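Student: My questions all concern the structure below.
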Amino acid sequence: MPRKLKQSVEFLIGSAVAVALATQLCWMAGAGLRFLTAMDPLVALNFEGAALVLWLGRYGRPAGVVARVLSWLILAVGLFRLADLALGTALYPGPMSVSIAACFCVLGLALVALDRPGWPPFLHPQLMMTAVLCVALTALIGYAYDIDGFHKYLPMSELTALDFILLGAALILLRPAEGFMARLPAGGAGTRSFCWLLPACVLIPWLLGGLTVLAAERGWYDKAGTGSAIAAVLTILAMSVIVFFNSAALNRSEAELERRNRELEQEVVERKQAEARAAHLASHDPLTSLPNRRLFLDRLQNAIGRAARHGGNFALFYIDVDQFKPVNDQHGHHAGDVLLQAIAGRLALAVREVDMVARLGGDEFAAIMEGPIDAQSAAAMAERLSASVAAPYRLALADQPQPLDVAVGVSVGIALFPGHARDLDGLVRAADGAMYRAKASGRALGRNLNVEMAE
């Protein structure tokens, strides 16, 4: 049970006990206060027993012999008084009326049901106490508006009705996760609205009705309809104020909910962006943003499967940058990184959108050219890739005032599917072997552009 709700239950129980004790003390002292001595001392004793049962159950279901015995005893007192009145035996020592006896029967049954779950829904303690609350509130309305002859049909003193209301409300709030109270989530705006408006709707007409009757007795107005008009106007004003503040509270809750929803939406967007960045880093080279070896091999396997299914072909290029190490050693790693980024940009521009360029690591790159393609077209593509890489570079370095002019060579190995190999490993070996033969022949002949077809 939430802390504030438990405090409310304890307040209701304590108030009921205070009313019952005040009545008993007035009877024992022989005080002539009609208002305080209207409740029978035995009725007050029953209220104190019910309050004790609820107090024992405020942390959970009532347990132990005391709670069970008191619950059954209250039920038995109500049944005994009803039987006594029905048979006319006058064995009950007090003046308990039929309405009070019936309410005690229902109260005792509700307390018994608290300790014994599994009863039919129509005998749920909350529903039974709601019926008692309606009877007690009806009695209070009769007093508040001074209805002639009303208490001939519903004899119940003001304090008796008040104690039934206090204990009934405490019992209903005792199990907030059960019955119809389970429809009001703890802490929700609807629950707060219910807790504000229900007591106001119940108590304001009673209080204002009593005030108008009191005013009439003192002669503050003399027309019969004036009192009802005053009560109606005051009720409208009071309920309007309460609805205004309740609406303001609901608006604040709605604004808070919208703010939280915006925060959650932003968190979702940021998480998706982080996931996209993580997925990109897992499959792309962080320096050049080209696909890495992992993604390249995956695309190569897909190209092999696609070409095998449709009887097509494609070309694989392995590209190695020559004279890169001297640039990296003489001008630093930053210059080498800038050079690799420039090379990656040129290779990406040299191929078609359907083709793919990847960085395998270091100064090695690879490209896949989708078919249909023959050996002559593949060689022409290799020449274009070589020419784009071997063209001179002017690198703008942050740590040097003047641009750095560099030139590199390139060796390209070509392998065709399915002419040179029909599987991934064989195709990679063929292209890699052709690239190393191109590099070796280029060194022997002193050339910067070297292209070799796989054997």
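Student: Kindly indicate whether any position in the stretch 60-79 is of a type in the set (Ser, Thr, Tyr), at pLDDT 85 or above and either touching a Lys or Arg at 6+ places or on another chain (Cβ under 9 Å) or assigned by TED's automatic domain parsing to the domain that holds TYR143 (or both). Steps first, answer last, please.
Tutor: Step one: list which residues in the stretch 60-79 are of a type in the set (Ser, Thr, Tyr), which gives 71.
Right, trim to at pLDDT 85 or above and you get 71.
From what's left, either touching a Lys or Arg at 6+ places or on another chain (Cβ under 9 Å) or assigned by TED's automatic domain parsing to the domain that holds TYR143 (or both): 71.
Yes.
Student: Next up: For the stretch 74-107, what are the residues that are in contact with a Phe, Trp or Tyr (Cβ under 7 Å, 6 or more places away or on another chain) and closer than 20 Å to ILE165 by Cα? Steps first, answer last, please.
Tutor: Of the residues in the stretch 74-107, the ones in contact with a Phe, Trp or Tyr (Cβ under 7 Å, 6 or more places away or on another chain) are 74, 77-78, 80-81, 84, 92, 103.
Selection gives ILE74, VAL77, GLY78, CYS103.
Student: Please state which of the following conditions LEU281 fails to meet, knowing it meets all the rest: (1) modelled with pLDDT under 90; (2) in contact with a Gly (Cβ under 7 Å, 6 or more places away or on another chain); (3) of a type in the set (A, V, I, L, M).
Tutor: It fails just one condition, (2).
Student: On the basis of being under 27 Å from HIS333 (Cβ atoms) and not aliphatic (A, V, I, L, M), does ASP355 make the cut?
Tutor: Working: under 27 Å from HIS333 (Cβ atoms): no; not aliphatic (A, V, I, L, M): yes.
In short, no.
Student: Could you check how many residues of the stretch 25-46 are under 23 Å from LEU82 (Cα atoms), at pLDDT 70 or above and assigned to a helix (DSSP H, G or I)? First the steps, then the outcome.
Tutor: Restricting attention to the stretch 25-46, the residues satisfying the condition of being under 23 Å from LEU82 (Cα atoms) are 37-46.
Cutting the leftovers down to at pLDDT 70 or above gives us 39-46.
Narrowing the set further to residues that are assigned to a helix (DSSP H, G or I) leaves 41-46.
Residues flagged as under 23 Å from LEU82 (Cα atoms), at pLDDT 70 or above and assigned to a helix (DSSP H, G or I) within the stretch 25-46 amount to 6.
Student: Taking the criterion of being more than 29 Å from SER441 (Cβ to Cβ), outside the structural domain of ARG352 (by TED's automatic domain parsing) and in contact with a strand residue (DSSP E or B) (Cβ under 7 Å, 6 or more places away or on another chain), would at least one residue in the stretch 262-275 satisfy it?
Tutor: Looking through the stretch 262-275, none of the residues is more than 29 Å from SER441 (Cβ to Cβ), outside the structural domain of ARG352 (by TED's automatic domain parsing) and in contact with a strand residue (DSSP E or B) (Cβ under 7 Å, 6 or more places away or on another chain).
Student: Show me the helices (runs of 4 or more DSSP H) entirely contained within the stretch 124-176 in which 3 or more residues are at pLDDT below 85, surrounded by 18 or more Cβ atoms within 10 Å (Cβ to Cβ) and in the same structural domain as VAL112 (by TED's automatic domain parsing).
Tutor: Details: elements: 125-144, 150-153, 158-174.
Here the list reads 125-144, 158-174.
Student: Yes or no: PHE104 of a type in the set (Phe, Trp, Tyr), assigned to a helix (DSSP H, G or I), on the phi < 0 side of the Ramachandran plot and modelled with pLDDT of 85 or more?
Tutor: Details: of a type in the set (Phe, Trp, Tyr): yes; assigned to a helix (DSSP H, G or I): yes; on the phi < 0 side of the Ramachandran plot: yes; modelled with pLDDT of 85 or more: yes.
So PHE104 passes the test.
Student: Considering only the stretch 391-437, give the strands (runs of 3 or more DSSP E) lying wholly within it that have at least 3 residues that are in the same structural domain as ASP322 (by TED's automatic domain parsing) and among the hydrophobic types (A, V, I, L, M, F, W, C).
Tutor: On the way: elements: 393-395, 404-406, 409-417.
Hits in the stretch 391-437: 409-417.
Residues checked against (1) modelled with pLDDT of 90 or more; (2) closer than 30 Å to ARG394 by Cβ; (3) surrounded by fewer than 19 Cβ atoms within 10 Å (Cβ to Cβ); (4) not assigned by TED's automatic domain parsing to the domain that holds LEU424:
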{"residue": "GLN301", "(1), (2), (3), (4)": "yes, no, yes, no"}
{"residue": "GLY305", "(1), (2), (3), (4)": "yes, no, yes, no"}
{"residue": "LEU316", "(1), (2), (3), (4)": "yes, no, no, no"}
{"residue": "VAL327", "(1), (2), (3), (4)": "no, yes, no, no"}
{"residue": "LEU340", "(1), (2), (3), (4)": "yes, yes, no, no"}
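Student: Right, next: Note down all Cβ pairs under 7 Å where the first residue falls in the stretch 324-352 and is over 19 Å from PRO291 (Cβ atoms), the second is among the hydroxyl-bearing types (Ser, Thr, Tyr), and they're at least six residues apart or on different chains.
Tutor: LEU339/TYR393
Results for (1) more than 42 Å from the chain's Cα centre (by Cα); (2) more than 23 Å from ALA387 (Cβ to Cβ); (3) not acidic (Asp, Glu), shown as yes or no for each residue.
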| site | (1), (2), (3) |
| --- | --- |
| ARG277 | no, yes, yes |
| HIS280 | no, yes, yes |
| ASN292 | no, yes, yes |
| LEU316 | yes, no, yes |
| ILE319 | yes, no, yes |
| ASP322 | yes, no, no |
| ASP329 | yes, yes, no |
| GLY332 | yes, yes, yes |
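Student: Of the residues GLU370, GLU383, only one is charged (D, E, K, R), under 18 Å from ASN302 (Cα atoms) and either under 55 Å from the mean Cα position of the chain (by Cα) or surrounded by fewer than 16 Cβ atoms within 10 Å (Cβ to Cβ) (or both); which?
Tutor: Numbers: GLU383 fails: under 18 Å from ASN302 (Cα atoms).
Going through GLU370, GLU383 in turn, just one is charged (D, E, K, R), under 18 Å from ASN302 (Cα atoms) and either under 55 Å from the mean Cα position of the chain (by Cα) or surrounded by fewer than 16 Cβ atoms within 10 Å (Cβ to Cβ) (or both): GLU370.
The values are calculated or read from the model by the stated rules, or taken from the named source; none is laboratory data. Please read these numbers as outputs of a predicted model, since none were measured by experiment. Neighbour counts are summed over all protein chains in view; Cβ atoms, including those assigned to glycine, are modelled from backbone coordinates with ideal geometry.
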